[in-house]
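A.B. asks: Can you keep this structure in mind? I'll have questions shortly.
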Amino acid sequence: MRIGVLGTGMVGSAIATKLVRVGHEVTMGARAPDNENAARWVAEVGEGASQGTFADAAAFGELAFNCTAGTASLEALDVAGGPNLAGKTLVDVANPLDHTRDGPPMALVYDGDSLAEQIQRALPKTRVVKALNTMNCEVMVDPSRVPGGGHDVFVCGDDPSAKEQVVALLRSFGWAPERIVDLGDLTAARGTEAYLRLWLPLRIALGTNDFNIRVEGRPQST
Ligand SMILES: NC(=O)c1ccc[n+]([C@@H]2O[C@H](COP(=O)([O-])OP(=O)(O)OC[C@H]3O[C@@H](n4cnc5c(N)ncnc54)[C@H](OP(=O)(O)O)[C@@H]3O)[C@@H](O)[C@H]2O)c1
């Protein structure tokens, strides 16, 4: 599949690399067509990897990932262009974080709303699925990094077929089907984004990024 990855940070790079490794063609998008991070990534990955603007990546992809800074995602997606993303699934991995104060960032929480829902309203013809934002990017693309057995990844979104597409990609990243939890419609992103208020102190307390949520108490399958 052709996939656009919007974002040149560690998340964009980890996801784009994994996507190429599992057989997709990826264009990494940035504000500038010659972004240095994206150029380094293309040089490292080689065949299957290309770079461009946010609009180039959005137009290239049959599906796209939003891996931009959460506080800039609406701006980045506006530049990417609604028509370039219309009819496509957009996997929103972003978390809106406030970096303006001293010390660790603070997760922004919107009363009765979420970044994912804001993106969905801005792009009504795009099928937004929130996923993967509740863990470090290296865990996203390699769940075996977390020791101690199974742990969970969440998906939510308003379009069932878009969620199926995302589940298939997660399976290709190494996620076991029983560890992919469908939380329902996009309003569940309010919870997965707010969870960053716990994830950030947990990272400090545990001194590692290689941890994740394991949901216990699920009904036994028959
Ligand atoms: N780090 C993790 O492990 C992790 C885990 C879960 C979720 N997340 C979320 O994933 C997203 C990406 O994180 P990251 O650490 O890889 O990168 P980041 O530094 O949060 O974001 C980098 C991207 O945001 C774009 N950007 C920044 N300001 C912008 C603006 N004013 N207008 C348009 N685009 C702008 C940059 O564009 P240019 O390329 O043009 O510079 C770049 O592509 C974030 O929302 C983060 O909260 C991160």
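The values are calculated or read from the model by the stated rules, or taken from the named source; none is laboratory data. On a predicted model such as this, the values are computed, not experimentally measured, just so you know. Every residue, glycine among them, receives a Cβ derived from its backbone with ideal geometry; neighbour counts consider all protein chains shown. Just so you know, the surface numbers come from the protein's heavy atoms only, side chains and all, with ligands and any DNA or RNA stripped out. Shrake-Rupley method; radii C 1.70, N 1.55, O 1.52, S 1.80 Å.
A.B. asks: Counting only residues that are farther than 15 Å from Leu196 by Cβ, open to solvent by less than 60 Å² (accessible area, probe 1.4 Å), within 15 Å of the ligand (Cβ to nearest atom) and in a loop (DSSP other than H, G, I, E, B), how many does region 100-122 have?
C.D. replies: Adding up the residues that qualify gives 0.
A.B. asks: Looking for whichever is closer than 22 Å to Val153 by Cα and of a type in the set (S, T, N, Q) here; the options are Thr89, Thr100, Thr71. Which one fits? Talk me through it step by step, then tell me what you get.
C.D. replies: Numbers: Thr100 fails: closer than 22 Å to Val153 by Cα; Thr71 fails: closer than 22 Å to Val153 by Cα.
Going through Thr89, Thr100, Thr71 in turn, the sole match is Thr89.
A.B. asks: May I pose another question? Tell me, which residue of region 126-146 that is within 19 Å of Leu85 (Cβ to Cβ) and more than 8 Å from the ligand (Cβ to nearest atom) is most open to solvent (accessible area, probe 1.4 Å)? First the steps, then the outcome.
C.D. replies: Of all residues in region 126-146, those within 19 Å of Leu85 (Cβ to Cβ) come to 126-133.
If we keep only those that are more than 8 Å from the ligand (Cβ to nearest atom) too, we end up with 126-131.
Details: Thr126: 5, Arg127: 65, Val128: 2, Val129: 0, Lys130: 2, Ala131: 0 Å².
This residue is Arg127.
A.B. asks: Right, here's the next one. Count, please, the residues in region 52-99 that happen to be part of a helix (DSSP H, G or I), more than 12 Å from the ligand (Cβ to nearest atom), aliphatic (A, V, I, L, M) and within 13 Å of Leu123 (Cβ to Cβ).
C.D. replies: 2
A.B. asks: Can I ask one more? Where residues in region 152-163 are crowded, with 18+ Cβ neighbours inside 10 Å and out of contact with any Leu (no Cβ under 8 Å at 6 or more places or on another chain), which of them is nearest to Ala131 (Cα to Cα)?
C.D. replies: In this case the residue turns out to be Lys163.
A.B. asks: Still on this model: Look at region 184-206 and say how many of its residues are open to solvent by 70 Å² or more (accessible area, probe 1.4 Å) and not β-branched (Val, Ile, Thr).
C.D. replies: Qualifying residue count for the region: 7.
A.B. asks: Looking at region 70-93, is at least one residue of a type in the set (Lys, Arg), open to solvent by 20 Å² or more (accessible area, probe 1.4 Å) and in contact with a Gly (Cβ under 6 Å, 6 or more places away or on another chain)?
C.D. replies: Within region 70-93, the first condition is being of a type in the set (Lys, Arg), and the residues that meet it are 88.
Imposing the further condition that a residue be open to solvent by 20 Å² or more (accessible area, probe 1.4 Å) reduces the set to 88.
Imposing the further condition that a residue be in contact with a Gly (Cβ under 6 Å, 6 or more places away or on another chain) reduces the set to none.
Within region 70-93 (the criterion being of a type in the set (Lys, Arg), open to solvent by 20 Å² or more (accessible area, probe 1.4 Å) and in contact with a Gly (Cβ under 6 Å, 6 or more places away or on another chain)), the answer is no, since none of the residues qualifies.
A.B. asks: Any idea which residue in region 4-21 is farthest from the ligand (Cβ to nearest atom), counting only those that are buried (at least 24 other Cβ atoms within 10 Å of the Cβ) and outside any helix (DSSP H, G or I)? Show your work before the answer.
C.D. replies: Start the filter on region 4-21 by keeping residues that are buried (at least 24 other Cβ atoms within 10 Å of the Cβ), which leaves 4-8, 11-12, 15-16, 19.
Within this subset, residues satisfying the condition of being outside any helix (DSSP H, G or I) are 4-8.
Working: Gly4: 12, Val5: 9, Leu6: 7, Gly7: 4, Thr8: 4 Å.
Per the criteria, the residue is Gly4.
A.B. asks: Still on this structure, I have one more. Could you please give the count of residues in region 164-183 that are open to solvent by 20 Å² or more (accessible area, probe 1.4 Å) and touching a strand residue (DSSP E or B) at 6+ places or on another chain (Cβ under 6 Å)?
C.D. replies: The number of residues fulfilling the criteria is 6.
A.B. asks: Which of the residues belonging to region 22-35 are open to solvent by 70 Å² or more (accessible area, probe 1.4 Å) and either within 15 Å of Ala59 (Cβ to Cβ) or in contact (Cβ under 8 Å) with a residue 24 or more places away in the chain (or both)? Quick ask: steps written out before the conclusion?
C.D. replies: Of the residues in region 22-35, the ones open to solvent by 70 Å² or more (accessible area, probe 1.4 Å) are 25, 31, 33-34.
Of everything in region 22-35, those that are open to solvent by 70 Å² or more (accessible area, probe 1.4 Å) and either within 15 Å of Ala59 (Cβ to Cβ) or in contact (Cβ under 8 Å) with a residue 24 or more places away in the chain (or both) turn out to be Glu25, Arg31, Pro33.
A.B. asks: If you scan region 100-110, which residues turn out to be closer than 20 Å to Pro124 by Cβ and in contact with a helix residue (DSSP H, G or I) (Cβ under 6 Å, 6 or more places away or on another chain)?
C.D. replies: none
A.B. asks: Could I ask something else about it? Of the conditions (1) in a helix (DSSP H, G or I); (2) surrounded by 14 or more Cβ atoms within 10 Å (Cβ to Cβ), Glu44 satisfies every one except a single condition; which number is it?
C.D. replies: Among (1) in a helix (DSSP H, G or I); (2) surrounded by 14 or more Cβ atoms within 10 Å (Cβ to Cβ), Glu44 violates only (2).
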